[in-house]
Amino acid sequence: MKSSFRLLACALSVIALAVFAAGCAGGGGKGREASRPFSDSISYYYTGADTSTRFICNSTLLADKLGGEPEAFLTCDGTVGITRVGTGLYRVDKDGVLMIHPAGVNRALLSLDGNIIVFTTATEVHVYDHRTGQVQDIKPDGAASVKSIVLSPDGGTVGYTVRSADGSLTAYAYSDGASRRLSDNAYIIGVADGAAWWYYLTPDADVYYAADGGQKRIGSDASTVFEFNRDLSEVTFDMNGVTYFSMGGRSAKRIAEGKSVFPTAGPCSSAQGGEDCTAYVRDCGSLFDAVFYSCRAAVDDELDRNVYDLWYVSGTGKVTALARGAYQFAVQTDGNKLTCLVDSTLYRMDTDDPSTSKSVCTNVYTFAVSRDGSEIYCIGYDRKLYYIKDLGKPKELLSEAVHCLITDEGKCLCIADYDGTGTLYFADGENDPVVVGREVYLAETKPAFCCYYSAPYGDDSGNRVFDLYSSADGHSFELLLKGVKLYND
């Protein structure tokens, strides 16, 4: 049993990030505006046979394709993506692929609503508005390079950092056709609407909150990753390996003692900043009144799994420990319930009250849960797939199971009989599972899109490639692309 789990675990590490993101995303939490969940998905696949990149919006393969392999791909909510192929920049949505700039693009960001793209060339900043099709060009005086770019929540203000020939950094804000100087010795990491306030990092790793009335250092010895809520009134970042938060420009306070933690609120986010620092603007009213987690490698776990410690953090920053050493967890879309696997027991609890914890099932290796938490599929150490409805008694569905995934509609895809490849089953509640794929190497589920990869083979150039089969509902799969590359394989 453990050898089967370990064999598939190696393959699953390729898509672990996507699966984990879908598994832990939750709502904004109790008493807060709910976070917008992913409801669509946009994906890209590179085929070496014709050296082209194809795009899939939900389960539809776009007719447009690009020559070459993407160097970067970003999406905020799964409806719109931006990609750089070579040094050209392109926007992708259900209507096709649109070239934004032919060459020379260094970095780019996408607004949360998918309408604004800010990108840089050697010494300039450019702002594309999809609603008008217009591009505004910002040409800073004396710029040797542009180090970072950020965008206000309303899309009307662009913040950018200019590095001069002498190496000095200056932060600017651009709106209404004009730029103004914000701060010196500053690497901008966030800007509010109209630059009412902004955040920047100094070369000495000090974090500042600034407004026209002045500036305040809110942290020091900071890491290079920041998390903001939608209006940038809240920010989290690490100092010396421990996560702190600041609200409204106040001095940073520690979240969980000795821990680096991440929020689950706001699964949709815009990645901003630059090569030296990344700022994620999450599409949620608040990062708090929600579950936070830390991640570490398991100790003495033969399957080499990660484990997660979980906390509820209130709107004022009060921390309540929920679970330690969880192998998996999922927060319902409304943010009110947490499902987690600790040791071999599956638990359900209120996200703000660990005393409500209830054992759902024991001897569990892995699980998948619907967005509303009403349906759970789990695989036990006995290699059997079970179905649990409304926390009731588990019902056995399938033997020799090793991995399960939830579809957008709350159904289950399960790989069984795995030995390098396995059989893919579709499970719908208490009904008998049906076979939907054979010789399956990996399977993925995303909003409005399910897919699996065939057994690997070598193409004419000797590359290890896969055939991709897709389905909108996880039940009926069709061959979509041949000879695709599986990244990190």
Review point. Can you pull the percent of Cα pairs in the stretch 171-308 with separation above 19 Å?
Key: 52 percent
Practice item. Rank-order 73-80, 402-409 by packing density, defined as the average count of other C-beta atoms within 10 Å over each peptide's residues, highest first. Key: 402-409, 73-80
Exercise for review: Note the angle between two axes, namely the Cα long axis of helix 2-12 and the longest principal axis of the Cα atoms of the chain, as a number of degrees from 0 to 90, rounded to the nearest 10.
Suggested key: 30 degrees
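Peptides 122-128, 222-228, 478-484: what's the order by average Cβ count within 10 Å, highest mean first?
Taking the mean over residues of other Cβ atoms within 10 Å, the ranking is 222-228, 122-128, 478-484.
Could you give the size of the charge dipole of the chain about its Cα centre, using +1 on the Cβ of each K and R and -1 on the Cβ of each D and E, expressed in debye and rounded to the nearest 20?
Dipole size: approximately 680 debye.
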Study note, to complete from the structure: Applying the gyration tensor rule to the Cα atoms of the stretch 222-374 (axes a ≥ b ≥ c; rounded if a/c under 1.5, else prolate if a/b exceeds b/c, else oblate), the class is prolate
Point to revise | For the stretch 210-236 versus the stretch 252-312, the gap between their alpha-carbon centres in whole angstrom | key: 17 Å
Study note, to complete from the structure: For the stretch 230-276, listing trypsin sites (Lys or Arg not before Pro) in a DSSP loop whose Cβ sees at most 13 other Cβ atoms within 10 Å gives ARG250
Practice item. Using amide H atoms built 1.01 Å from N in the peptide plane, name the residues 5+ places from ALA72, or on other chains, whose amide H lies under 5 Å from its own. Key: ARG84
Practice item. Just the number, please: Stokes-Einstein D of the chain in µm²/s, Kirkwood Rh from C-alpha pairs, 37 °C, 0.692 mPa s. Key: 138 µm²/s
Point to revise | Cα convex hull of the stretch 121-222, projected area averaged across orientations, nm² | key: 6.6 nm²
Revision key, fill the gap. Expected vector for the stretch 459-473, Karplus 3J(HN,Hα) from phi with 6.51, -1.76, 1.60 and θ = phi - 60°, integer Hz, x for Gly and Pro, equals 8, 5, 9, x, 7, 7, 9, 9, 8, 10, 10, 10, 7, 7, 10
Check your understanding: Where Lys and Arg each count +1 and Asp and Glu each count -1, what net charge lies around GLY48 among other residues with Cβ under 11 Å from its Cβ?
Key -> -1
**Study point:** Förster radius 22 Å - calculated FRET efficiency between ASP95 and GLU478, Cβ distance, rounded to 0.05
**Key:** 0.45
Check your understanding: Ranked highest first by the average count of other Cβ atoms within 10 Å around their residues, in what order do 268-277, 144-153 fall?
Key -> 144-153, 268-277
Check your understanding: What shape does the stretch 350-424 take by its C-alpha gyration tensor, where a ≥ b ≥ c are the square roots of the eigenvalues and a/c under 1.5 counts as rounded, a/b above b/c as prolate, and the rest as oblate?
Key -> prolate
Exercise for review: Send over the per residue convex hull volume for the stretch 434-489, Cα only, as a whole number of Å³.
Suggested key: 77 Å³
Exercise for review: Of the options TYR327, ALA144, MET239, report the single residue whose Cα projects farthest towards the positive end of the charge dipole of the chain (beta-carbon charges: Lys, Arg +1; Asp, Glu -1).
Suggested key: MET239
**Study point:** Global geometry of the stretch 211-288, whether rounded, prolate or oblate, following the gyration tensor of its Cα atoms and the 1.5 cut on a/c
**Key:** rounded
Point to revise | Karplus (6.51, -1.76, 1.60) ³J(HN,Hα), θ = phi - 60°, over the stretch 270-275, in Hz, Gly and Pro reported as x | key: 10, 7, 10, x, x, 5
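Here, each number is a calculation from the coordinates, and none is a lab measurement. In this text the structure is predicted, and so the values were computed from the model without any measurement. As a convention, Cβ positions derive from the backbone with ideal geometry for all residues, glycine included, and neighbour counts pool all protein chains shown.
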